[in-house]
1. Could you check, for the range 116-131, whether at least one of its residues is buried (at least 17 other Cβ atoms within 10 Å of the Cβ), in a helix (DSSP H, G or I) and in contact with a strand residue (DSSP E or B) (Cβ under 6 Å, 6 or more places away or on another chain)?
2. Just name the residue that is nearest to TYR81 (Cα to Cα) out of those in the range 1-22 that are modelled with pLDDT under 65 and either in contact with a Ser or Thr (Cβ under 9 Å, 6 or more places away or on another chain) or assigned to a strand (DSSP E or B) (or both).
3. Of everything in the range 143-163, what is assigned to a loop (DSSP other than H, G, I, E, B) and either within 17 Å of ILE105 (Cα to Cα) or out of contact with any strand residue (DSSP E or B) (no Cβ under 7 Å at 6 or more places or on another chain) (or both)? Give them in sequence order.
4. crowded, with 18+ Cβ neighbours inside 10 Å and more than 30 Å from GLN182 (Cβ to Cβ) - does that describe any residue in the range 96-114?
5. Could you tell me which numbered condition ILE105 fails, if it satisfies all but one of (1) of a type in the set (Val, Ile, Thr); (2) within 18 Å of the chain's Cα centre (by Cα); (3) not in a strand (DSSP E or B)?
6. Only one residue in ARG25, ARG39, ARG78 is modelled with pLDDT of 75 or more, basic (Lys, Arg) and surrounded by 18 or more Cβ atoms within 10 Å (Cβ to Cβ), so which one is that?
Amino acid sequence: MDTTTAKGYGLCACGCKQKTKIAKRTDKVHGRVKGEPNRFIQGHQGRKPGEDYVTGSNPYGICACGCGTITPISAKTRSVYGHVKGKPVRFILGHQFRSKKPEWIVDQATGCWNWNRYRDRDGYGSTRTDGSLLLAHRAVYERLVGPIPEGLELDHLCFNTSCVNPAHLEPVTGAENLRREQSHRKQLKAAKAASPPELLAA
């Protein structure tokens, strides 16, 4: 794709729309030709076209390494690092070298955000935040929505213990949470009993 403009400069081929510099010398390894615009801004060659890096794909300001720490607001635009003045930066300093494994994977069919890191045998995820080990669904809820009211716990409306989608979580009392769980189990048991034997054997 030709990213050279009529004004004599190039546009970064990653799609960030930033101007690239004119090459001072020919470098076949990096595909540079003396006097011609570089294809990429330094550090952008590993990006995927179409991903929103410059305008910021970090609306909550959470470190993209998955540590859960809130990132600072950039004081100035630095295209090399993908920083935009007034927008949250993608990483806490030094965290860009950590694992890029996402915290959760969205199930398009159910809308659940399934925790993609450590989970116990009951399906509940856990994560470390500010040195404390927390249940993942509680940590994500407090990060994106706010504190859980005192005396309440989060009920999974989707009945998926691995889900951390705040829209699938509701603060309720422990008694109400238990009542809902027991009611759900009775419904599952009744549905199983009503199923034809051939379906149960399948």
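The values are calculated or read from the model by the stated rules, or taken from the named source; none is laboratory data. These numbers were taken from a predicted model, which means no experiment stands behind them. Please note: Cβ atoms are built from the backbone with ideal geometry, for glycine as well, and neighbour counts cover all protein chains shown.
1. For the range 116-131, residues buried (at least 17 other Cβ atoms within 10 Å of the Cβ), in a helix (DSSP H, G or I) and in contact with a strand residue (DSSP E or B) (Cβ under 6 Å, 6 or more places away or on another chain): absent.
2. If we take residues in the range 1-22 being modelled with pLDDT under 65 and either in contact with a Ser or Thr (Cβ under 9 Å, 6 or more places away or on another chain) or assigned to a strand (DSSP E or B) (or both), then CYS16 is nearest to TYR81 (Cα to Cα).
3. We begin by selecting, within the range 143-163, every residue assigned to a loop (DSSP other than H, G, I, E, B); these are 145-152, 157-162.
Hits for the range 143-163 are VAL145, GLY146, PRO147, GLU150, GLY151, CYS158, PHE159, ASN160, THR161, SER162.
4. Taking every residue of the range 96-114 in turn, at least one turns out to be crowded, with 18+ Cβ neighbours inside 10 Å and more than 30 Å from GLN182 (Cβ to Cβ).
5. The one condition ILE105 does not meet is (3).
6. ARG39
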